[in-house]
Amino acid sequence: RQLVDLGYIEAPSENAETAIRRATVDKLSNLAEVHIAKREYARAKELLTELMALAPNRGRDRLRLANCHLHLDELDQCRAILDEILGKQPDGPWANFLSGQVKLKQGDDAAALDHFKRADAAGYSSRWLQFRLGMAYLKTRDWDTAETAFDKALDLDPDFAQAYRGLAVVCYGRDQFEDSVRHALRSVSLLYHQPMAHYYLGLGLAATGRVNQAIEALGHALSQAPKFQGARRA
């Protein structure tokens, strides 16, 4: 209203209260996006909760709220939102992707894989979806399908460190130790703080007889994750 009076903008053609409400919703949505980008999920959750009170039918913002709950390990709240959305849209790609992550956290690998497959079939293009698919296939020792998923992730982002880590695991599972070392080195060169990547680098180096280098790599894994008992045993 002040801007209208000053001549900076034209008076809205719609009801002023409706215009103010819409502007408030847009402000909350944009500000929440900033906090999500900064990984400040608690603050983003507060903003999106306020937004939902004003505009409960904004589907994308409801999914973003579910995503905040997921990152805050508030799984019951996350599932409540996702179950409602999937009840109306069973093949919703983002809802299935988030549901798959909830199932992974709950230890239900089979249900997680089903949700990830649904998201993939719906055309959800995401390096993280392909990575999650690859990780799910690793648990079933389906090396070929896992490799395909990690390769797809790298097609979307050639510098995706976690996908190289996945390929290191695939190659180690196949006893392709030199390739495992190569992928693990690429992974830690892109993102150094990865205990699991250093762990598989150590295992690959040990398997190829480079024991001193293996000890160094496993030491890095333990320095980053002191309770990593697998690395300690190795």
query = Per residue, how much accessible area does region 48-174 have with a 1.4 Å probe, in Å²?
reply = 47 Å²
message = Which one, G204, W94, H115, is farthest towards the positive end of the dipole of region 74-209 when Lys and Arg carry +1 and Asp and Glu -1 on their Cβ?
response = G204
query = How large is the charge dipole for region 53-135, taken about the Cα centre, if only the Cβ atoms of Lys, Arg (+1) and Asp, Glu (-1) carry charge, to the nearest 20 debye?
reply = 300 debye
request  = With a 1.4 Å probe and every protein chain kept in, tell me what percent of the accessible surface of the chain is carbon plus sulfur.
outcome  = 50 percent
message = Treating only the Cα positions of region 1-150 as identical point scatterers, give the base-10 log of I(q)/I(0) from the Debye formula at each q in 0.19 Å⁻¹.
response = -1.12
query = How big is the accessible area of D175 in square angstrom, nearest 10, if you roll a 1.4 angstrom probe over the protein chains?
reply = 110 Å²
ask   = Magnitude of the Cβ-charge dipole of the chain, K/R +1 and D/E -1, about the Cα centre, nearest 20 debye?
value = 540 debye
inquiry  = Test of understanding: given the chain, find the longest segment containing no chymotrypsin sites (Phe, Trp or Tyr not before Pro) that are in a DSSP loop and have at most 14 other Cβ atoms within 10 Å.
reply    = 9-191
Estimated 222 nm signal from helices in the chain, with DSSP H stretches of n ≥ 4 weighted -39500 (n - 2.57), rounded to 500 = -24500 deg cm²/dmol
inquiry  = Connecting C-alpha atoms closer than 10 Å in a GNM of the chain, tell me which of L82, L28, L133 has the biggest fluctuation.
reply    = L28
message = Using the Kirkwood formula on the Cα atoms of region 97-234, what hydrodynamic radius do you get, in angstrom to one decimal?
response = 15.2 Å
query = Rank S125, S180 by accessible area, highest first, at a 1.4 Å probe radius?
reply = S125, S180
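The values are calculated or read from the model by the stated rules, or taken from the named source; none is laboratory data. Worth saying up front: this structure is predicted, and the values here are computed from it rather than measured. Every residue, glycine among them, receives a Cβ derived from its backbone with ideal geometry; neighbour counts consider all protein chains shown. Heavy atoms of the whole protein, side chains included, go into the accessibility calculation; ligands, DNA and RNA do not. Shrake-Rupley method; radii C 1.70, N 1.55, O 1.52, S 1.80 Å.
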